[in-house]
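What follows is a single structure, written as structure tokens, with notes after it.
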């Protein structure tokens, strides 16, 4: 059996990193006994996806579901998951996530849907797992991860760390984030970031025979 995940994301960082992140969680943290395949993300603008009318989100749910349906038509034993992965930014995740999930389920009541909202932004998960990133891809050798990884601006923190070593260095979302996701500590990230733990729990609940 293969679990096919069709992500719906908002930004370049998520679009470029979601496959590697989900694969790492599935194999390294959850020891998933079946294959996980991540389909090409469906991407939309955050303001549109979070709009209370729900129109843009419903459209992206249909787009992602069509990808899943096409893949599952060739694999009758496979399972599908629509994963909505967005940044909370200034919105309380405890309010935003349930509202988005309700909208998504109204659009596709026949689909398995999960919604995970990063407390501030995707980069905060990288910051939460930064204990293994010292010296990686331009970060300082004496990297000191902050005590409050979910409360700060994750992208700004990464930029500050990169510029502490090279004043001209910029944070390139697609390139840098992919490398950081490749080497960040998932265990530490899960322990220090409740919103990342939510992602892990959502995937764990789709394991065929065990629960993590």
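When the chain is modelled as a GNM with alpha-carbon springs shorter than 10 Å, which of 186, 72, 86 fluctuates the most?
Maximum among the listed residues: 72.
At 222 nm, what helix-only mean residue ellipticity would the chain give, in deg cm²/dmol to the nearest 500, using -39500 (n - 2.57) for each DSSP H run of four or more?
The per-residue figure over the chain is -14000 deg cm²/dmol.
What's the exposure ranking of 170, 60, 67, going from fewest to most Cβ atoms within 10 Å?
Ranking 170, 60, 67 by Cβ neighbours within 10 Å, fewest first, gives 170, 67, 60.
Residues in the range 182-209, backbone N under 18 Å from the label point at residue 31 (7 Å along the Cα-to-beta-carbon vector): list them, ranges by number please.
Answer for this model: 186-188, 200-201, 203-209.
Taking neighbour Cβ counts within 10 Å as the exposure measure, how do 62, 10, 178 sort from fewest upward?
62, 178, 10
Evaluate the relative contact order of the chain (contact order divided by residue number), counting alpha-carbon pairs under 8 angstrom at least 6 apart; express in whole percent.
It rounds to 22 percent for the chain.
Using a 10 Å cut-off around each Cβ, can you sort 189, 200 from fewest to most neighbouring Cβ atoms?
Starting with the residue having the fewest Cβ neighbours, the order is 200, 189.
Let me know the shape class of the range 124-183, please: from the alpha-carbon gyration tensor, a ≥ b ≥ c as square roots of the eigenvalues, rounded when a/c is under 1.5, otherwise prolate if a/b is greater than b/c, or oblate.
rounded
So how far apart, in nm, are the two label points at residue 48 and residue 74 if each is 7 Å from Cα heading toward Cβ?
Between residue 48 and residue 74, the simple spin-label model gives 2.8 nm.
For the range 1-76 and the range 153-186, write down the distance between their C-alpha centroids in whole Å.
Cα centroid to Cα centroid, the span is 24 Å.
Please list, by residue number, everything in the range 25-64 whose backbone N is under 12 Å from a paramagnetic label point 7 Å out along Cα→Cβ of residue 187.
From the range 25-64, the list is 29.
The numbers here are math on the coordinates, done by the rules we state, and not lab data. The shown structure was predicted, so the numbers you read here are calculated from the model rather than taken from an experiment. Neighbour counts are summed over all protein chains in view; Cβ atoms, including those assigned to glycine, are modelled from backbone coordinates with ideal geometry.
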